[in-house]
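The structure under discussion appears below in the form of structure tokens.
The values are calculated or read from the model by the stated rules, or taken from the named source; none is laboratory data. Computed from a predicted structure; not experimentally measured. Cβ sites come from the backbone with ideal geometry, for glycine too, and all protein chains shown count toward neighbours. Note: areas computed on protein heavy atoms with side chains; ligands, DNA, RNA excluded. Shrake-Rupley method; radii C 1.70, N 1.55, O 1.52, S 1.80 Å.
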Amino acid sequence: METTLLWPEGAPGATGTSTEDSPAITSYLVEGEGNAAIVICPGGGYGMRADHEGGPIAEWLNSLGISAFVLRYRVAPYQYPRALQDAQRAIRTVRLHAEDYGIDPARVGILGFSAGGHLASNAGVLFDKGDVEAVEPVEQLSSRPDLLILCYPVISLDDPYVHQGSKENLLGVHPDKDLVTKLSSELQVSAETPPTFLWHTSDDEAVPVENSLLFAAALRRHEIPFDLHVYAHGIHGLGMADEEPHTKGWTDACASWLRLNGYTK
């Protein structure tokens, strides 16, 4: 494992130089050349980052032959657009160093849990194709992920299905209505949104399952391929879901979907 700062000279908008002011990726690489890669965004309501949704997920992806990069993105008191900038920079950075990492720059996905799922979904709908005139080579590259994996994600930032804590940490107590609309990912899906895998539990009391349903419905309207798995039971924040005999099947379902999309052999 190696941790790489996304902005070695300091991130835009950083208010200090501590670890929490310094977005980074920790690499979990598999041997070989031309491997697929996935950036991981742990959840935590934009107030923290849950460890069990980082390293263990990277190790699982490694077991499938996929290199993984756990993203240390900025959380409260940082607000929009910092976390999204961090996710976009992570995707660009992985592509820039694709040869060094032994990965295929055309197979770079992003995976997120809960609020990290919101961040990943935003990365999938609010990307840019890079600035060819940028001074930094990394900023010349596209921030569009090639696929999305969204695990019990926060999607909508509006009533009635919003996770209020994530919304307030990201946008403050009285956010601009236009910004709420812009960052409600189901409203920003387009024909360029990447193929997506979603899973949720139907009895999630923290982030209602409607978040995943809304995103899936938007994908369907735009004819974007997707898998949607809704499990009968499981509290919010399950991660690998090892202690839920039925729900833990999400990893097998996701592995099958990744194989279908050419990310594993």
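Given Cβ point charges of +1 (Lys, Arg) and -1 (Asp, Glu) and nothing else, what value in debye, to the nearest 20, does the dipole of the range 119-203 about its Cα centre take?
180 debye
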Quiz item: If you take the Cα Rg of the range 136-220 and divide it by 2.2 N^0.38 Å, with N the number of residues, what do you get?
Solution: 1.19
Quiz item: Taking θ as phi - 60°, what are the ³J(HN,Hα) couplings along the range 27-36 by the Karplus curve (6.51, -1.76, 1.60), each to the nearest whole Hz, with x for Gly and Pro?
Solution: 8, 10, 9, 9, 5, x, 10, x, 6, 6
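Using a Förster distance of 41 Å, how high is the FRET efficiency between residue 158 and residue 100, based on the Cβ-Cβ distance and rounded to 0.05?
E(calc), rounded to 0.05, equals 0.50.
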Quiz item: Taking the Cα centre of the range 58-165 as the origin, how large is its charge dipole in debye, to the nearest 20, when only Lys and Arg (+1) and Asp and Glu (-1) carry charge on their Cβ atoms?
Solution: 180 debye
Quiz prompt | Dipole magnitude of the chain about its Cα centre (Cβ charges: Lys, Arg +1; Asp, Glu -1), debye to nearest 20 | solution = 320 debye
Exercise. With runs of 4+ DSSP H residues as the only contributors, calculate the mean residue ellipticity of the chain at 222 nm using -39,500 (n - 2.57) per run, divided by the residue total and rounded to the nearest 500.
Key: -8500 deg cm²/dmol
Practice problem: Just round it to a whole percent: the fraction of Cα-Cα distances in the range 219-265 exceeding 12 Å. | Solution: 67 percent
Quiz item: How far is the Cα center of the range 138-196 from the Cα center of the range 1-78, in Å?
Solution: 19 Å
Practice problem: Measure off 7 Å from each Cα along the Cα-to-Cβ vector at residue 220 and residue 1, then give the distance between these two points in nanometres to one decimal. | Solution: 4.0 nm
Quiz item: How far, in nm, would the chain grow between residue 48 and residue 181 when pulled straight, counting 0.36 nm per residue and subtracting the alpha carbon separation?
Solution: 45.5 nm
Quiz prompt | Label point distance in nm, residue 132-residue 248, each placed 7 Å from Cα along Cα→Cβ | solution = 5.1 nm
Quiz item: Rg(Cα) of the range 35-117 divided by 2.2 N^0.38 Å?
Solution: 1.06
Exercise. Count charges around residue 75 for me, please; just the other residues with Cβ under 14 Å from its Cβ, Lys/Arg as +1, Asp/Glu as -1.
Key: -1
Quiz item: Based on the alpha carbon coordinates of the range 80-150, what radius of gyration and maximum Cα-Cα distance (Dmax) apply, in Å?
Solution: 11.7, 35
Quiz item: Amide H neighbours of residue 111 under 5 Å, counting only residues 5+ apart in sequence or on other chains, H built in-plane at 1.01 Å?
Solution: 39, 40, 41, 149
Quiz item: Can you give the % of DSSP beta bridges in the chain that are antiparallel, to the nearest 5?
Solution: 25 percent
Exercise. Send over a whole-number figure in Å² for the accessible area per residue of the chain, probe 1.4 Å.
Key: 43 Å²
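Restrict the search to the range 112-219; then list the GluC sites (Glu not before Pro) that DSSP places in a loop and that have at most 12 other Cβ atoms within 10 Å of their Cβ.
For GluC sites (Glu not before Pro) across the range 112-219 that sit outside H, G, I, E and B with at most 12 neighbouring Cβ atoms in 10 Å, the list reads 133, 192, 205.
Considering the convex hull of the alpha carbon atoms of the chain, report its projected area averaged over all viewing directions, in nm², one decimal.
13.2 nm²
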Quiz item: How much of the accessible area of the chain, in percent, comes from carbon and sulfur atoms when a 1.4 Å probe is used?
Solution: 50 percent
Exercise. Return the long-range amide H neighbours of residue 229 (sequence gap of 5 or more, or a different chain), with a cut-off of under 5 Å between placed amide H atoms.
Key: 198, 199, 200
Quiz prompt | residue 200 accessible area, assembled protein chains, probe 1.4 Å, Å² | solution = 0 Å²
Quiz item: Going from most exposed to least, what order do 243, 223, 136 have by accessible area with a 1.4 Å probe?
Solution: 243, 223, 136
